[in-house]
1. Out of curiosity, is D8 of a type outside the set (F, W, Y), free of Cβ contacts under 8 Å to residues at least 12 places away in the same chain and buried (at least 19 other Cβ atoms within 10 Å of the Cβ)?
2. Find the residue count for the range 58-98, including only residues that are assigned to a helix (DSSP H, G or I) and within 12 Å of the chain's Cα centre (by Cα).
3. If I ask for residues that are over 24 Å from M76 (Cβ atoms), outside any helix (DSSP H, G or I) and in contact (Cβ under 8 Å) with a residue 24 or more places away in the chain, which ones from the range 24-48 would you list?
4. Where residues in the range 75-96 are among the aliphatic types (A, V, I, L, M) and in contact with a helix residue (DSSP H, G or I) (Cβ under 7 Å, 6 or more places away or on another chain), which of them is farthest from A56 (Cα to Cα)?
5. Every residue in the range 53-73 that is within 13 Å of R12 (Cβ to Cβ) and either surrounded by fewer than 16 Cβ atoms within 10 Å (Cβ to Cβ) or in contact with a Ser or Thr (Cβ under 8 Å, 6 or more places away or on another chain) (or both), please.
6. Give the residues of the range 56-91 that are over 21 Å from G25 (Cβ atoms) and either of a type in the set (K, R) or modelled with pLDDT under 95 (or both), sorted by residue number.
7. What's the total number of residues in the range 11-39 that are under 19 Å from H94 (Cα atoms) and crowded, with 16+ Cβ neighbours inside 10 Å?
Amino acid sequence: MTKIDIFDTTLRDGEQSAGINLNTGEKLEIAKQLERLGVSIIEAGFPASSPGDFEAVSQIATTVKNSTVTGLARAMQKDIDVTWEALKHAENPHIHVF
């Protein structure tokens, strides 16, 4: 049987939809549901973009255990370092660089 990985961007790219502005609690609730649904990789946010996004990614990273938690980072050392700080306690940390 072939395994299919699902990479969900709801918490990062989905938040860019008009009229959508999720707080940390809402993001955490969605991340937990994505984990329950068996999503392989949850892109939790862009930690270097704001203190709020950093906090949300950090909380998701420490809560989610059965999905890989990824943070978006520009290909800049500063962004990568900030993203690692937000993800360092994740069970399965991942950095998505662009």
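The values are calculated or read from the model by the stated rules, or taken from the named source; none is laboratory data. In this text the structure is predicted, and so the values were computed from the model without any measurement. Every residue, glycine among them, receives a Cβ derived from its backbone with ideal geometry; neighbour counts consider all protein chains shown.
1. Criteria not met by D8.
2. 10
3. Result: G38, V39, S40.
4. Narrowing the range 75-96 to residues among the aliphatic types (A, V, I, L, M): 75-76, 80, 82, 86-87, 90, 95.
Imposing the further condition that a residue be in contact with a helix residue (DSSP H, G or I) (Cβ under 7 Å, 6 or more places away or on another chain) reduces the set to 82, 86-87, 90, 95.
Numbers: V82: 13, A86: 9, L87: 10, A90: 13, I95: 15 Å.
Taking the candidates together, the pick is I95.
5. Hits for the range 53-73 are A56, V57, G71, L72, A73.
6. Within the range 56-91, R74, K78, K88 qualify.
7. The number of residues fulfilling the criteria is 9.
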